[in-house]
Amino acid sequence: MDNLKINLNNIYGFVKKDEVYALSKTITNNQSKLETKSGKGNDFLGWLTLPKDITESHLKDIQAVANDLRSKSDIVVVIGIGGSYLGAKAVIEALNNSFSPLLGKKPQIIFAGNSICEDYHSELLELLEGKKYSLVVISKSGTTTEPAVAFRLLKQHLEQSVGKTEAAKRIVAITDESKGALRKLANTEGYKTFIIPDNVGGRYSVLTPVGLLPIAIAGFNIVELVKGAKDSQENSSNQFEQNPACLYAAARNTLYSLGKKVEIMVNFTPKLHFLTEWWKQLYGESEGKENKGIFPAGVDFTTDLHSMGQYIQQGERMIFETIISVENPQHKLSIPTDPENLDQLNFLAGKRMSEVNRMAELGTIAAHTDGGVPCISISIPKITEYWIGYLMYFFERACALSGYTLDVNPFDQPGVEAYKKNMFALLGKPGYEEDGKKLRKRMGI
Ligand code: PA5
């Protein structure tokens with residue numbers, strides 16, 4: 001079976017191979033904790049076997065709803081935040097044509113409710129005026145403020161445009177089976193719903209309807225995506241040495257213990273920008289607790305070599321990089337020859353752009369390791385549904401192993417509540433009056 005490749009050669013100038021492999025016992029032990037459900041947060045391990053657990057009929061049901069919305073809509077607005085948004089966004093951006101919005105492809109997928117930005121949502125409502133559109137609203141808890149506010153606005157807009165009965169046929173809700181305001185609303189209004197399983201946390205939910213429905217609506221093959229994840233799941237029980245997820249978890253924890261506290265995810269294709277955003281949430285929310293955790297950051301090269309490249313090369317030496325390498329592009333484009341050669345680039349004539357990009361990648365690795373930045377490389381043959389599904393499960397698995405190595409619960413996010421409590425207090429939510437008074441005084445308002 002195919003596997004992604006991990007190359008740790010460019011960290012071995014900083015750590016010894018033996019030091020990385022010294023973690024094999026701990027990581028293997030963590031594998032058993034996952035499989036026997038005996039580690040921290042073990043009631044949130046639904047994602048672990050999700051690829052193999054997904055049934056054909058579940059995928060067909062999702063596809064049927066996707067087809068229905070596709071036939072009814074020029075635009076589908078997907079409302080959600082955090083784990084209820086980033087997985088779908090990452091997959092769709094990776095697979096879409098770079099200029100999809102300008103190519104007239106229908107339906108276009110637009111995301112909303114991932115901020116509380118008045119301008120964004122006003123402009124969205126203006127855009128939707130007179131358009132044929134549908135809504136997919138996603139919230140596991142069913143109580144998150146950002147998507148709830150956006151849904152309130154969009155639901156009202158849709159009902160005013162097509163009437164309440166027709167609007168209800170164009171709204172799909174993805175939420176908890178029984179709890180939360182969204183479930184209540186969906187039941188009352190008679191929306192089609194999908195369930196987010198209790199034992200799958202938001203950031204691990206891309207292979208539930210949370211990710212699969214928007215991806216199918218965008219016209220991508222969810223069967224292939226799940227197949228990739230399934231093969232990844234299959235390979236994730238391999239022995240330590242043949243197991244990229246184990247090696248990745250061991251390598252990053254070894255680097256962390258030596259003071260490399262920031263991991264920068266690097267891509268050389270802008271289509272992977274949101275895969276990095278998804279990865280940042282997965283690792284940041286899973287590991288950043290109890291005053292521990294590698295800080296996950298991201299760059300898009302080569303563009304960011306002309307901005308962040310300076311810091312990475314010569315700034316504080318607390319960084320390591322993880323490079324996602326894509327071996328083959330979808331297209332072929334060679335650099336033309338120019339008889340004038342005024343730009344003196346004829347030495348590149350006839351070469352594929354991907355070859356130039358590859359040399360930029362290797363040149364960057366050499367420069368950064370020379371500058372004190374260890375580089376882990378992870379490569380996939382190409383960007384397809386299969387390989388994105390494969391990669392996402394790989395990162396989920398490695399994240400859980402890594403979190404256990406740090407001795408934290410990789411499946412909770414207690415810190416996310418702090419800002420919400422203050423925001424509610426400042427906005428005068430009933431029950432928060434006293435906190436509100438204190439906070440307003442403290443913030444000088
Ligand atoms: O990973 C997580 O659990 C979070 O990022 C949530 O997905 C995010 O806060 C949105 O929550 P909900 O789906 O309950 O609206």
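Surrounded by fewer than 18 Cβ atoms within 10 Å (Cβ to Cβ), in contact with a strand residue (DSSP E or B) (Cβ under 7 Å, 6 or more places away or on another chain) and under 23 Å from ILE81 (Cβ atoms) - does that describe any residue in the stretch 415-427? Walk me through it before giving the result.
We begin by selecting, within the stretch 415-427, every residue surrounded by fewer than 18 Cβ atoms within 10 Å (Cβ to Cβ); these are 415-424, 426-427.
If we keep only those that are in contact with a strand residue (DSSP E or B) (Cβ under 7 Å, 6 or more places away or on another chain) as well, we get 415.
Imposing the further condition that a residue be under 23 Å from ILE81 (Cβ atoms) reduces the set to 415.
Checked against the condition, which is being surrounded by fewer than 18 Cβ atoms within 10 Å (Cβ to Cβ), in contact with a strand residue (DSSP E or B) (Cβ under 7 Å, 6 or more places away or on another chain) and under 23 Å from ILE81 (Cβ atoms), the stretch 415-427 yields at least one hit.
Residues are listed down the side, and each one gets a yes or a no for (1) farther than 30 Å from PHE268 by Cα; (2) of a type outside the set (Ser, Thr, Tyr); (3) open to solvent by 10 Å² or more (accessible area, probe 1.4 Å):
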| position | (1), (2), (3) |
| --- | --- |
| LYS382 | no, yes, yes |
| TYR393 | no, no, no |
| ALA400 | no, yes, no |
| LEU406 | no, yes, yes |
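Would you pick out the residues in the stretch 157-172 that are assigned to a helix (DSSP H, G or I), among the aliphatic types (A, V, I, L, M) and either buried (at least 21 other Cβ atoms within 10 Å of the Cβ) or over 33 Å from the mean Cα position of the chain (by Cα) (or both)?
Kept after step one, since they are assigned to a helix (DSSP H, G or I), are these residues of the stretch 157-172: 157-162, 164-169.
The next check asks that each one be among the aliphatic types (A, V, I, L, M); those that pass are 158, 162, 167-168.
Across the stretch 157-172, the qualifying residues are LEU158, VAL162, ALA167.
Does ALA94 qualify as being more than 16 Å from the ligand (Cβ to nearest atom), in contact (Cβ under 8 Å) with a residue 40 or more places away in the chain, small (Gly, Ala, Ser) and surrounded by 13 or more Cβ atoms within 10 Å (Cβ to Cβ)? Full working, then the answer.
On the way: more than 16 Å from the ligand (Cβ to nearest atom): yes; in contact (Cβ under 8 Å) with a residue 40 or more places away in the chain: yes; small (Gly, Ala, Ser): yes; surrounded by 13 or more Cβ atoms within 10 Å (Cβ to Cβ): yes.
Judged against the criteria, ALA94 is a match.
If you take just the helices (runs of 4 or more DSSP H) that sit entirely in the stretch 363-445, which of them hold at least 1 residues that are under 30 Å from HIS331 (Cα atoms)?
Details: elements: 385-405, 417-427, 433-443.
Where helices (runs of 4 or more DSSP H) fall fully within the stretch 363-445 and carry at least 1 residues being under 30 Å from HIS331 (Cα atoms), they are 385-405.
Would you confirm, using the coordinates I've provided, whether THR276 is part of a helix (DSSP H, G or I), touching an Asp or Glu at 6+ places or on another chain (Cβ under 6 Å) and within 30 Å of VAL15 (Cα to Cα)?
Numbers: part of a helix (DSSP H, G or I): yes; touching an Asp or Glu at 6+ places or on another chain (Cβ under 6 Å): no; within 30 Å of VAL15 (Cα to Cα): yes.
Against the criterion (part of a helix (DSSP H, G or I), touching an Asp or Glu at 6+ places or on another chain (Cβ under 6 Å) and within 30 Å of VAL15 (Cα to Cα)), THR276 does not qualify.
Is the stretch 3-10 home to any residue that is in a loop (DSSP other than H, G, I, E, B), over 24 Å from the mean Cα position of the chain (by Cα) and surrounded by 13 or more Cβ atoms within 10 Å (Cβ to Cβ)? Can you show your working first?
Keep residues of the stretch 3-10 that are in a loop (DSSP other than H, G, I, E, B), which gives 3-4, 8.
Narrowing the set further to residues that are over 24 Å from the mean Cα position of the chain (by Cα) leaves none.
No: the stretch 3-10 contains no residue that is in a loop (DSSP other than H, G, I, E, B), over 24 Å from the mean Cα position of the chain (by Cα) and surrounded by 13 or more Cβ atoms within 10 Å (Cβ to Cβ).
Can you confirm whether LEU154 is in a helix (DSSP H, G or I) and within 14 Å of the ligand (Cβ to nearest atom)?
No: the conditions fail for LEU154.
What about GLU277, is it within 16 Å of the ligand (Cβ to nearest atom) and open to solvent by less than 10 Å² (accessible area, probe 1.4 Å)? Lay out the reasoning, then the answer.
Numbers: within 16 Å of the ligand (Cβ to nearest atom): yes; open to solvent by less than 10 Å² (accessible area, probe 1.4 Å): no.
It is false that GLU277 is within 16 Å of the ligand (Cβ to nearest atom) and open to solvent by less than 10 Å² (accessible area, probe 1.4 Å).
Kindly evaluate VAL210 against the criterion of being in contact (Cβ under 8 Å) with a residue 60 or more places away in the chain, in a helix (DSSP H, G or I) and within 30 Å of GLN160 (Cα to Cα).
On the way: in contact (Cβ under 8 Å) with a residue 60 or more places away in the chain: yes; in a helix (DSSP H, G or I): yes; within 30 Å of GLN160 (Cα to Cα): yes.
In short, yes.
Could you pull out the residue among GLY82, GLY87, GLY113 that is touching a residue at least 60 places away in the same chain (Cβ under 8 Å), at positive phi and open to solvent by less than 50 Å² (accessible area, probe 1.4 Å)?
On the way: GLY87 fails: at positive phi; GLY113 fails: touching a residue at least 60 places away in the same chain (Cβ under 8 Å).
So the residue among GLY82, GLY87, GLY113 that is touching a residue at least 60 places away in the same chain (Cβ under 8 Å), at positive phi and open to solvent by less than 50 Å² (accessible area, probe 1.4 Å) is GLY82.
Please specify each residue of the stretch 34-58 satisfying the condition of being part of a helix (DSSP H, G or I), out of contact with any Asp or Glu (no Cβ under 9 Å at 6 or more places or on another chain) and surrounded by fewer than 17 Cβ atoms within 10 Å (Cβ to Cβ).
Selection gives GLU35, ASN42, THR49, ASP53, GLU56, SER57, HIS58.
Please determine whether any residue of the stretch 42-63 is within 22 Å of ASN114 (Cβ to Cβ), at pLDDT 95 or above and within 16 Å of the ligand (Cβ to nearest atom).
Pass one, the stretch 42-63, residues within 22 Å of ASN114 (Cβ to Cβ): 47, 62.
If we keep only those that are at pLDDT 95 or above as well, we get 47, 62.
Then drop every residue that is not within 16 Å of the ligand (Cβ to nearest atom), which leaves 47.
Yes: one or more hits.
Is it the case that some residue within the stretch 310-325 is outside any strand (DSSP E or B) and within 27 Å of ALA400 (Cβ to Cβ)? Write out each step before concluding.
Of all residues in the stretch 310-325, those outside any strand (DSSP E or B) come to 310-318.
With the extra rule that they be within 27 Å of ALA400 (Cβ to Cβ), the set shrinks to 318.
Looking through the stretch 310-325, at least one residue is outside any strand (DSSP E or B) and within 27 Å of ALA400 (Cβ to Cβ).
Could you tell me which residue of the stretch 175-214 is nearest to the chain's Cα centre (by Cα), considering only residues that are surrounded by 24 or more Cβ atoms within 10 Å (Cβ to Cβ) and away from the ligand (no atom under 13 Å from the Cβ)?
LEU207
Only one residue in GLN31, GLN63 is part of a helix (DSSP H, G or I) and assigned by TED's automatic domain parsing to the domain that holds TYR393, so which one is that? Steps first, please.
Numbers: GLN63 fails: assigned by TED's automatic domain parsing to the domain that holds TYR393.
Only one candidate qualifies: GLN31.
The values are calculated or read from the model by the stated rules, or taken from the named source; none is laboratory data. Since the model is a prediction, treat every value here as computed from it, not as a measurement. Heads up, the Cβs are rebuilt from the backbone with ideal geometry, glycines too, and the neighbour counts pull from every protein chain shown. Note: areas computed on protein heavy atoms with side chains; ligands, DNA, RNA excluded. Shrake-Rupley method; radii C 1.70, N 1.55, O 1.52, S 1.80 Å.
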